[in-house]
Amino acid sequence: MGSSSNKPELLKNGKRLDGRDFNELRELKIEAGILKNADGSAYLEWGNNKVLAAVYGPKEAVPKHFADPTKAVIKCRYAMAPFSSLEDHGRTGPNRRAIEISKVAKEAFENVIILNDYPGAQIDIFMEILQSDGGTRAAGITAAAVALANAGIHMRDLIYSVSVGRIGEHMAIDVNKIEDNYSDADMPVAISPRNNELLLLQMDGGLTKKQYEESMVMILEAGKKIHEVQRKALEDYYSINKKNTEQE
Ligand code: CDP
């Protein structure tokens with residue numbers, strides 16, 4: 001996030017620099033169940049972002065005093081690999097930004113995981129950013145939702161996340177790094193598609209009410225596509241595994 005006085009042009013001939021339309025997502029690919037040792041996992045590529053998500057649990061909460069006898073406790077870790085961008089990462093553990101993203105993601109997931117189904121248990125969610133190009137928190141949450149479903153964790157919904165940015169008067173979905181860094185505003189959200197409930201909303205910069213409404217229309221439209229890719233990843237995983245079990 002942030003802006004600079006030496007702001008580069010983000011539009012060329014009315015199009016975004018990577019040639020996308022304002023309502024066009026970057027290419028999104030998700031594969032579920034790729035880590036053998038995790039209870040659930042997903043690998044995601046979204047534009048130039050590459051993310052690995054892993055879920056462990058439900059398991060007995062440790063330390064014991066950490067447990068809640070009425071419901072599961074969620075631990076969530078977002079981390080950028082030291083090699084994920086040209087910027088320096090990970091030499092001194094999680095920075096303020098990573099702690100903040102871990103916290104908002106945890107709160108989004110606590111709203112959809114049926115916590116009371118797992119009294120005394122702990123569920124760990126890891127989002128590892130292997131390569132970053134803007135929108136990594138959205139990519140992390142979108143991947144982790146698939147990993148949670150892959151772990152069989154009871155949830156009310158399969159949530160997704162995406163960012164929208166404002167480039168001058170134009171709203172642009174799924175901003176990449178240069179757009180994120182130099183746009184006039186950017187707003188990552190996480191949404192439960194069942195009822196379009198907002199589970200996370202952050203904002204850097206400002207939007208008018210009209211621009212916000214326009215963004216929400218764009219987000220919900222993009223969300224249908226994102227949700228479809230998430231659903232397909234799970235469907236592929238279970239149909240391949242069903243075939244393998246039948247052959248055994
Ligand atoms: O990744 P996201 O858009 O959720 O977060 P951001 O804080 O708005 O950062 C935008 C982009 O800047 C990230 O996706 C990274 O590509 C880059 N970035 C980085 O490389 N190192 C950081 N410490 C922060 C951001």
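The values are calculated or read from the model by the stated rules, or taken from the named source; none is laboratory data. Small disclaimer: the values here were computed from a predicted structure and weren't measured. Note that we place each Cβ from the backbone using ideal geometry, even for glycine, and neighbour counts take in every protein chain shown. Heavy atoms of the whole protein, side chains included, go into the accessibility calculation; ligands, DNA and RNA do not. Shrake-Rupley method; radii C 1.70, N 1.55, O 1.52, S 1.80 Å.
Listing for the model above:
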{"quantity": "Residue in the range 148-164 that is of a type outside the set (Gly, Ala, Ser), open to solvent by 10 Å² or more (accessible area, probe 1.4 Å), over 17 Å from residue 221 (Cα atoms) and within 16 Å of the ligand (Cβ to nearest atom) present", "calculated": "no"}
{"quantity": "Failed criterion for residue 86 (all others in (1) surrounded by fewer than 17 Cβ atoms within 10 Å (Cβ to Cβ); (2) among the hydrophobic types (A, V, I, L, M, F, W, C); (3) within 18 Å of residue 157 (Cα to Cα) hold)", "calculated": "(3)"}
{"quantity": "Scan of the range 167-181 for residues that are open to solvent by 10 Å² or more (accessible area, probe 1.4 Å) and assigned to a loop (DSSP other than H, G, I, E, B), ordered by number", "calculated": "168, 169, 176"}
{"quantity": "Flag if residue 104 is open to solvent by less than 60 Å² (accessible area, probe 1.4 Å) and either under 24 Å from residue 188 (Cα atoms) or not in a helix (DSSP H, G or I) (or both)", "calculated": "yes"}
{"quantity": "Single condition residue 164 does not satisfy, out of (1) more than 18 Å from residue 26 (Cα to Cα); (2) in contact with a helix residue (DSSP H, G or I) (Cβ under 8 Å, 6 or more places away or on another chain); (3) outside any helix (DSSP H, G or I)", "calculated": "(1)"}
{"quantity": "Tally of residues being of a type outside the set (Asp, Glu), surrounded by fewer than 18 Cβ atoms within 10 Å (Cβ to Cβ) and either touching a residue at least 60 places away in the same chain (Cβ under 8 Å) or assigned to a strand (DSSP E or B) (or both) across the range 43-67", "calculated": "3"}
{"quantity": "Residue check, residue 195 within 14 Å of the ligand (Cβ to nearest atom), open to solvent by 20 Å² or more (accessible area, probe 1.4 Å) and either outside any strand (DSSP E or B) or farther than 22 Å from residue 10 by Cα (or both)", "calculated": "no"}
{"quantity": "From 149, 233, 139, 222, residue being within 23 Å of residue 21 (Cα to Cα), more than 13 Å from the chain's Cα centre (by Cα), of a type in the set (Gly, Ala, Ser) and at pLDDT 95 or above", "calculated": "222"}
{"quantity": "Within the range 198-216, tally of residues that are more than 19 Å from the chain's Cα centre (by Cα) and either surrounded by 13 or more Cβ atoms within 10 Å (Cβ to Cβ) or in contact (Cβ under 8 Å) with a residue 40 or more places away in the chain (or both)", "calculated": "5"}
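Matching residues to (1) aliphatic (A, V, I, L, M); (2) out of contact with any Asp or Glu (no Cβ under 7 Å at 6 or more places or on another chain):
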{"site": "138", "(1), (2)": "yes, yes"}
{"site": "143", "(1), (2)": "yes, yes"}
{"site": "146", "(1), (2)": "yes, yes"}
{"site": "153", "(1), (2)": "yes, yes"}
{"site": "159", "(1), (2)": "yes, yes"}
{"site": "163", "(1), (2)": "no, no"}
{"site": "171", "(1), (2)": "yes, no"}
{"site": "180", "(1), (2)": "no, no"}
{"site": "185", "(1), (2)": "yes, no"}
